[in-house]
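A.B. asks: Provided herewith is a single structure, encoded as structure tokens, for subsequent inquiry.
Computed from the coordinates by the stated procedures, all read-outs in this text should not be read as laboratory data. Computed from a predicted structure; not experimentally measured. So basically every Cβ, Gly included, is an ideal-geometry build from the backbone, and we count neighbours across all protein chains shown.
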Amino acid sequence: MKLRILHVGLGPLGLRIQRDLAARSLGHTVAAVDPAPALAGQSLASLVPGAPDVRIAASLDELPDWKAFDVALVTTSSDLRLCAPTFRTLLSHGVSAVSTCEELIYPWLRHDALARELDALCHKHNARLLGTGVNPGFVMDALPMFASAVCNRVRSIRIARIQDATTRRVPFQKKIGAGLDRAGFQKGIDEGWLRHVGLGESLHFCARYLGFEVERWSETIEPVIATRELDCTLGRIAVGQCAGVRQTATGIVGGKPLLEFEFQAAIGQADPHDRVTLDSDPPIDLVLRGGVHGDVATSAIALNALGAVLKATPGLHTMATVPMPTCSDSGARR
């Protein structure tokens, strides 16, 4: 039976997910919510060819029947505090949810009290809640954990995600500071909107499930400066302007940097790739040439995780506590 889906958040990523859902056989959207004046009141079918002809509600309060959904998709914000009211409403009505909220990947790092509250709501109302995505969620989280399954021992872990952001959606290019000067880049950092969200969450996710006790950890962030003129959806980037962002996170265990994570995304980035290196028995060195495309993969994993979260026990979950999502397109050859 196809899943009946409630979708909250129809920005560029949300619409991408709706396009992919319309092309697959996983389920159908029976309700959609987005408060943006340009979207509320419109038919979803007018925005996404092939999507159901359902009216986009301005808020969850407008939904008439909470038993009409099997599961919810939430694609609204990276900040767990901003998503929390939506999660509280869904869980209180017994609706399980998958979200692309990056801080939900491992919420105990920055929002421990809120994580415990959401977990309690899940248990009280027989619901499940999962944060997922390509990164955080897969490349720096689920992938290294699954790779460690063939190891007798893991002594340290290093993960690098190096992306060419030229083909990424506009909000992502803005979030990495593409086209800004150094002063504008620093202002974005100070205001809290310019950064890759989830690097610390990925580090602590891996530490927890690999059994590392992190004594302390740190993050760095700096611009990637254009050394030649570049073009992106935001416009021309001159030499000396910011082409993107580089962030690192380091976890100290036993006085040594045993967890090292690097994220770099820039317009025109050379040699994009994802790499997971485990100093382990046996040693693991996984390299995904070209890297996993963020927009395509985030949409795919959000949809593929819907069935997995419904099979899980009630509670607040991570990618390590639900059944492993797979590409479960029922139209695929068997």
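A.B. asks: Starting from the Cα gyration tensor of the range 249-315, take the square roots of the eigenvalues, sort them a ≥ b ≥ c, and report rounded, prolate or oblate (rounded when a/c is under 1.5, otherwise prolate if a/b is larger than b/c, else oblate).
C.D. replies: Since a/c reaches 1.5 but b/c is at least a/b, the shape of the range 249-315 is classed as oblate.
A.B. asks: I would also like to ask the following. State the extension gain, in nm to one decimal, for the chain segment bounded by residue 4 and residue 320, taking 0.36 nm per residue of separation less the distance between their alpha-carbons.
C.D. replies: Extending this stretch completely gives an extra 111.3 nm.
A.B. asks: Order by neighbour count: 145, 140, 319, fewest other Cβ atoms within 10 Å first, most last.
C.D. replies: By the 10 Å Cβ count, ascending, the order reads 145, 319, 140.
A.B. asks: Next up: How big is D for the range 68-178, in µm² s⁻¹ as a whole number, if Stokes-Einstein is applied with the Kirkwood radius of its Cα pairs at 4 °C and 1.567 mPa s?
C.D. replies: On the way: Rh = 15.9 Å.
Diffusion coefficient, whole number: 82 µm²/s.
A.B. asks: Same structure again: Which pairs break 27 Å Cα to Cα here: 67/311; 124/311; 174/256?
C.D. replies: Cα-Cα > 27 Å for 174/256; rest within.
A.B. asks: What FRET efficiency comes out for the pair residue 233/residue 28, r = Cβ-Cβ distance, R0 = 41 Å, nearest 0.05?
C.D. replies: Approximately 0.85, to the nearest 0.05.
A.B. asks: On to the next question. Mean Kyte-Doolittle hydropathy of 1.0 or higher plus an axial Cα length of 18 Å or more: which whole DSSP H helices in the chain meet both?
C.D. replies: Flagged H segments are 294-311.
A.B. asks: Along the principal axes of its C-alpha atoms, what lengths does the range 1-159 span, in descending order and rounded to whole Å?
C.D. replies: Per principal axis, max minus min of the Cα coordinates gives 54, 34, 32 Å.
A.B. asks: State the extension gain, in nm to one decimal, for the chain segment bounded by residue 19 and residue 181, taking 0.36 nm per residue of separation less the distance between their alpha-carbons.
C.D. replies: Computed gain between residue 19 and residue 181 is 54.8 nm.
A.B. asks: Another question, then. For the range 216-334, what is the convex hull volume of its Cα atoms per residue in Å³?
C.D. replies: Dividing the Cα hull volume of the range 216-334 by its residue count gives 209 Å³.
A.B. asks: Net charge within 14 Å of residue 66 by Cβ-Cβ distance, Lys/Arg positive one each and Asp/Glu negative one each, not counting residue 66 itself? Write down the numbers at each step before the final one.
C.D. replies: Numbers: positive: 4, 67, 88; negative: 61, 62, 65, 70.
Every neighbour counted, the sum reads -1.
A.B. asks: Using +1 on the beta carbon of Lys and Arg, -1 on that of Asp and Glu, and nothing else charged, what's the dipole of the range 138-292 about the Cα centre, debye to 20?
C.D. replies: On the way: 19 positive and 19 negative charges, 45 e Å.
The dipole of the range 138-292 has a size of about 220 debye.
A.B. asks: Compute log10 of I(q)/I(0) for the range 138-292 with the Debye formula, placing one identical point scatterer on every Cα and leaving out solvent, at q = 0.14, 0.17, 0.21 Å⁻¹, to two decimals.
C.D. replies: -0.70, -0.95, -1.23
A.B. asks: Can you tell me the dipole magnitude for the chain around its Cα centre, using point charges on the Cβ only (Lys, Arg +1; Asp, Glu -1), in Debye to the nearest 20?
C.D. replies: On the way: 35 positive and 34 negative charges, 111 e Å.
With Lys and Arg at +1 and Asp and Glu at -1, about 540 debye.
A.B. asks: DSSP beta bridges in the chain, what fraction antiparallel, as a percent rounded to 5?
C.D. replies: Taking every DSSP beta bridge with both residues in the chain, the antiparallel ones total about 55 percent.
A.B. asks: Hey, another quick one. If the viscosity is 1.002 mPa s and the temperature 20 °C, what Stokes-Einstein diffusion coefficient in µm²/s follows for the range 22-82 when Rh is the Kirkwood radius over Cα pairs?
C.D. replies: Value of D from the Cα-based Kirkwood radius: 168 µm²/s.
A.B. asks: Follow-up. Got a sec? Charge dipole of the range 202-334, +1 on Cβ for Lys and Arg, -1 for Asp and Glu; which of 218, 319, 308 is way out at the positive end?
C.D. replies: With unit charges placed on the Cβ atoms, the residue in question is 308.
A.B. asks: Report, as a whole number in µm² per second, the diffusion coefficient that Stokes-Einstein gives for the chain at 25 °C and 0.890 mPa s using the Kirkwood radius over alpha carbon pairs.
C.D. replies: Answer, rounded: 119 µm²/s.
A.B. asks: Say the dipole of the range 138-292 comes from +1 at the beta carbon of Lys and Arg and -1 at that of Asp and Glu; which of 270, 173, 235 then lies farthest toward its positive end?
C.D. replies: It is 235, whose Cα lies furthest towards the positive end.
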